[in-house]
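Written below as structure tokens is the structure these notes are about.
Here, each number is a calculation from the coordinates, and none is a lab measurement. Everything numeric in this text was worked out from a predicted model, so none of it was measured. Note that we place each Cβ from the backbone using ideal geometry, even for glycine, and neighbour counts take in every protein chain shown.
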Amino acid sequence: MMFVGFLGCYGAIQESQCLLGTFFTCLVILFACEVAAGIWGFVNKDQIAKDVKQFYDQAYHQVIQGDPNSTNGKTVLKTFHETLDCCGTNLLESTFTQFIRDDICPKKENLVYSNCHQKIDELFSGKLYLIGIAAIVVAVIMIFEMILSMVLCCGIRNSSVY
């Protein structure tokens, strides 16, 4: 991304059609990849949610079993638990985990935690529109970048300065 940004910036400063054309081509390729990834993610959202749950389960069991090399697992769990406000894979397990390993679950006053599998499903089904809005905003910005780079490139070509 930094290289693509450099092509656009340097091409505009130097008024180089070649660099601006390369910048435009890279933007078109990135745009196509983002659209393809978005479509693939939307079609396979259930599989992605399943994979995220499986990743969570691996980290959870690694930390619960007391693996001494599980600092990454503990970091993953803390991120999941704080972001989704959950603990464990089910109600019984989350209550059990809270009393055995109080450093894993976030601190709560009422001691009732939501199921992380349920929260992950809610994230991929209920909050999917937020991901879609963010993708649309990025797509609109990229379209404006492509339009402006072509306007600049055509303006350089039609300029009679040289």
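Worth a mention:
- Annotation: amide H of SER114 within the under-5 Å range of CYS87, sequence separation 5 or more or interchain, hydrogens built in the peptide plane.
- Relative protection proxy for 38-49, 78-89, from highest mean packing down: 78-89, 38-49 (other beta-carbon atoms within 10 angstrom).
- Nearest-20 debye value, the range 1-160 charge dipole, Cβ charges on Lys, Arg, Asp, Glu: 140
- Listed by chain and number, the lysines placed with their C-alpha closer than 19 angstrom to that of LYS53 are LYS45, LYS74, LYS78, LYS119, LYS127; residues fewer than eight positions away on the same chain are left out.
- Phi-based couplings in Hz for the range 79-88 (Karplus 6.51, -1.76, 1.60; Gly and Pro marked x): 5, 4, 5, 6, 6, 9, 6, 9, 7, x
- Annotation for CYS154 and THR25: the two label points, set 7 Å from Cα along the Cα-Cβ direction, are 2.0 nm apart.
- Counted residue by residue at 0.36 nm each, then reduced by the alpha carbon distance between them, the extension gain from LYS107 to CYS9 reaches 30.5 nm.
- Multiplying the residue separation of GLN54 and TYR129 by 0.36 nm and subtracting their alpha-carbon distance yields 24.7 nm.
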